[in-house]
Structure formats: C-alpha cells, structure tokens
Amino acid sequence: MLPTIVTELIGQTPVMSIEVARPDARLVLKLEKNNPGGSMKDRMARSMVVAALRDGRLPPGGTVIESSSGNAGTGLALAAVEFGLRFIAVVDHHAASDKIRMMRALGAEIRYVEGDFAEDEIAVVERVRLAAQLAAQLPGAVFMNQQENPANPDGYAGLAEELISQLSGGIDAFVACVGSGGSITGVTQWLKRHNPNLRTIGVEPAGSIVFGKAGHPYYQSGTGIPAGYRVGTVLDYGCIDQGVQVSDIQAFETARYIARRKGLLVGGSTGGAIYKALEFIAAGKLTGTVVTLVVDGGEKYLGTIFDDEWMAKRHLLDPAIAAQLDGWLLGKPHAA
Ligand SMILES: Cc1ncc(COP(=O)(O)O)c(C=O)c1O
C-alpha cells in the first residue's frame, strides 16, 4: 500500500560513508534531512503529538504550541496536518527565514517574540515564556515543551533501530549535536542496548552552556543552549562520554566543504558534528564505524552559511578549515 499521508514517509533515511585518511575508521552519515520536513525533528514532533493525544492532554482538534527555531516546528506542522490540529510556532528572528516560511506554508501560525535581541542572540527564554502563556490562555492548547517532554527522546527509537539494521558490522561511536538533548539521548540509549561499549560525543556550539562553559552569543541555529536558559530534563548526561564545543567558523566552513567536496548540502550544526567527528578520528580517539546525523539540509541556510557575503560580513570565513579537513580526509592538503 502506498503512503497516503506525508508523515508515513518519516524515517527509513539513507546512510552514506565518508572515507577518511586513517584505515581504522570511517564516518557514516545518516541523512535525516531526507525526512519530509527536512530534518530529524519530524520524528520527535510526531512522537510528542501522538503521546499528547494518547494521554488526553491534547483534545481532538486542539492546538499544539511550541517554541522552535524551525525544525521541530516544521515537524509539528506536519503532525498537525495529519491529526487535524491547529499549530502555533513561537519563533524569534534567529530562526532561518526559510524555516519560518516553510512552517507557514504548511499551515502553522507564527508568533514572533517581542524584544530587542542582537542578531546572534537567541531569545529562547522569551520564546518559552510566550509559548507557555499562550497554552495557558487558549482552551484545548498544549505547550509541547520539547526540553522537558519524554516523548522527544522516545521519538528517536526508530532512528536507532534503522542504524542497527543498516550497519550490520556494528556501530562503535556516535557523535551528535546537543540542543534539547532529545536526539543524542534517545539514539544513544537504544544503540547502547546493542553495544554497551558505544562511545558517544556530544557537540555544542562554543557559547552554549550544556557542558558547563561560559555562555556567549553564537550563530549556529537550533543547537546548544544559550546563556540565560537552562538544560532541560530530557538531556541524559549519563549517556554522553564526552562533551565538546565547536566554533561557528569550524561548523559553517565544514558544511561548505561537504557541499563542495561531497555534493551534500548539510546545515550548520551538522557541519559542527562532522568537524568534531573527523577531528576525533584523525587523532585516533575514535575508531571503527563512527556515526553522525545530518540533522537538516543546507537548503535551509542558503541565505546565511552558504552566502559568501553573509559569512564575510560576520568574519566567519577561514580557508584554514578546508585545508585541515583535506588533511583529515585525504591525508594531505587537497590540490587546488
Ligand atoms: C539544526 C539542529 N541541530 C541540532 C539540533 C539539536 O537537537 P536536539 O534538540 O535533539 O538536541 C536541532 C534541534 O532542534 C536542530 O534543529
């Protein structure tokens, strides 16, 4: 039977391998950008809606409310279509404008938080406050609250199961971005059932506070926890062996490099996870099959990280990163 609703197309995303200079490792990318909403968050969004409908918190025809930088919101917009719900996304100017257009195109109502925030400052505290307030005011409305919602990590069980069946030789390490922590927690918990020795590396933007460093503004979208906000209950630190930071320059230059060298458009946070995975592999700190997720596609960031002028204006261009990546992938600088 052919699928009749687009959410039936969530999952079963492909994997591809990135060959590296070292013979004892390979980097496998799981292309979560291939989900219908263009990111892994389709999985957790549908999971949160199904859980809320099942336990009666969300009545039929009710309203879903979420604070989102765009990807969770797009997934929720799809789930709202499937279940005949109203969806209000609370966003700030930090979200990529194409993500907001996408949510709107899928029928979401968009509410911007008010306030004077710097371009690289995320108004997440204000977003969450407004989302909770709207949910309290509107009858039949539920704030999904992905940071505290156990259906967020639970939504990634299928992703882990797919990886296990796609990579029959086993998975030795998992390197993943950390925002709410839902994906790293959900995937690692499942993968560790199959391989208790799995090594998991969490990657946050420099400037994010997940791993205890001082906060400052950053440009990576959808990932990390900004200063002034707190880490939610969803993130299980116990499943992460090591937490590391990646700079905007490393993350964005890696995304641009993967586009030029591999023909694959990945988003900025994915660029950061790939950079760190390759750094660990090059140092011999991760071996075997190392997996990372292509959380979303570069198509969502054409006006920002793939725009030379936007990058140059913010001093985010650095050709040394491509040379570094050439070394890690090819064992020598790439010929010009
Ligand atoms: C682009 C992007 N990267 C990383 C993340 C972090 O994922 P998680 O919230 O599961 O930690 C998100 C989450 O919204 C995202 O949209």
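Laboratory data are not the source of any read-out in this text; all were calculated from the coordinates shown. Just so it is clear, the structure is predicted and the values come from calculations on it, not from any experiment. Glycine gets a Cβ as well: all are built from the backbone with ideal geometry, and neighbour counts include every protein chain shown.
Normalised by the number of residues in the range 232-336, what is the relative contact order in percent for Cα pairs under 8 Å and 6+ residues apart? Normalised by residue count, the contact order of the range 232-336 is 27 percent.
Sites counted here are trypsin sites (Lys or Arg not before Pro) in a DSSP loop (not H, G, I, E or B) having no more than 16 other Cβ atoms within 10 Å; the longest part of the chain that contains none of them is 58-212. The range 164-190 and the range 199-258 have their alpha-carbon centroids 16 Å apart.
The C-alpha atoms of the chain define a longest principal axis, and helix 248-262 lies at about 70 degrees to it.
Sequence-distant contacts, meaning Cα pairs under 8 Å at least 6 residues apart, place the relative contact order of the chain at 19 percent.
Helix 41-54 and the long axis of the chain differ in direction by around 30°, with both axes built from C-alpha atoms. Spatially, the range 286-329 and the range 1-73 are offset by 22 Å when compared through their Cα centroids.
Taking each of K192/K213; K41/K285; K30/K192; K33/K300 in turn, the alpha-carbon distance tops 21 angstrom for K192/K213; K41/K285. P(r) for the chain: what percent of alpha-carbon pairs falls in each 10 Å bin, starting at zero? All Cα pairs, binned at 10 Å, distribute as 6, 27, 36, 23, 7, 1, 0 percent. Evaluating 6.51 cos²θ - 1.76 cosθ + 1.60 at θ = phi - 60° for every residue in the range 90-101, the Karplus couplings come out as 9, 10, 10, 5, 6, 5, 4, 5, 5, 5, 5, 4 Hz, glycine and proline recorded as x. With a ≥ b ≥ c the root eigenvalues of the C-alpha gyration tensor of the range 192-280, is it rounded (a/c under 1.5), prolate (a/b larger than b/c) or oblate? Oblate, because a/c is 1.5 or more while a/b does not exceed b/c. Couplings for the range 16-25, taken from phi via the Karplus curve 6.51 cos²θ - 1.76 cosθ + 1.60 with θ = phi - 60°, read 9, 9, 10, 6, 10, 5, 7, x, 9, 8 Hz in order; Gly and Pro are left as x.
Once you have a ≥ b ≥ c as the square roots of the Cα gyration tensor eigenvalues for the range 230-336, tell me rounded if a/c is under 1.5, and otherwise prolate or oblate according to whether a/b is larger than b/c. Taking the square roots of the gyration eigenvalues as a ≥ b ≥ c, the range 230-336 is oblate.
Contact order, relative form, for the range 41-143: 30 percent (alpha carbon pairs under 8 Å, 6 or more residues apart, mean separation divided by residue count).
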